[in-house]
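Below is one structure, written out as structure tokens; the observations come after it.
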Amino acid sequence: MKRTVLILFLCASGLVACKDDTGTTVDTAAFQRWEELRGQGDLAGARAELEALRARQGNDPELAFRLGVTLEDMDDLAKAVVTYKDALKSFPESGKLWLALGRDYRALKRWDKARDALLKARELGV
């Protein structure tokens, strides 16, 4: 029990990298920096932080989701769609990415693609 609590604390504090639900290593410190930058309104800095992380570690569903959210905040829905679609090639079982993709397609009034993505998210339990 004590070991589990310690591991959870270290993951939450960003002192170590942890694995997400897909088994991919997540750099929690970089995600904390992203949250801080985004919270301060520095979207370009937040995007740069995630792009640098992706260059170091490769694509990952959580990273792609956060990058997509940042691009949405920057009003670049087309780039967010490309980001989600690219990540879904490697992680097709990520319901979170399918949901985000469907929402962006809906905002872009691409109704058929939005429906398909949202149905896939539902199929995956999101």
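Using DSSP to call loops (not H, G, I, E or B), can you name the trypsin sites (Lys or Arg not before Pro) in region 19-126 whose Cβ has at most 11 other Cβ atoms within 10 angstrom?
Values: sites: K19, R33, R38, R47, R54, R56, R66, K79, K85, K89, K96, R103, R106, K109, R110, K113, R115, K120, R122; in loops: K109, R110.
Filter output for region 19-126: K109.
Counting 0.36 nm for each residue step from Q57 to Q40 and taking away their Cα separation leaves a gain of 3.6 nm. Distance from the C-alpha centroid of region 61-79 to that of region 34-53: 11 Å, rounded to the whole angstrom. Excluding ligands, DNA and RNA, the accessible surface per residue across region 57-126 is 55 Å² with a 1.4 Å probe.
Derived scalar couplings between HN and Hα for region 30-38 equal 5, 5, 5, 4, 4, 4, 5, 4, 5 Hz in order, rounded to whole Hz, by the Karplus curve 6.51 cos²θ - 1.76 cosθ + 1.60 (θ = phi - 60°), x for Gly and Pro. Bridgeable aspartates and glutamates around K113 (alpha carbons under 19 Å apart, same-chain partners fewer than 8 residues away excluded): E72, D76, D86, E93, D104, E123. Between R122 and K89, the simple label model (points 7 Å from Cα in the Cβ direction) yields a spacing of 2.9 nm.
The values are calculated or read from the model by the stated rules, or taken from the named source; none is laboratory data. Being a predicted model, the structure only gives us computed values, none of them experimental. Note: ideal-geometry Cβ built from the backbone for every residue, glycine included; neighbour counts use all protein chains shown. Please note that ligands, DNA and RNA were not included when accessible areas were found on the heavy atoms of the full protein model with its side chains. Shrake-Rupley method; radii C 1.70, N 1.55, O 1.52, S 1.80 Å.
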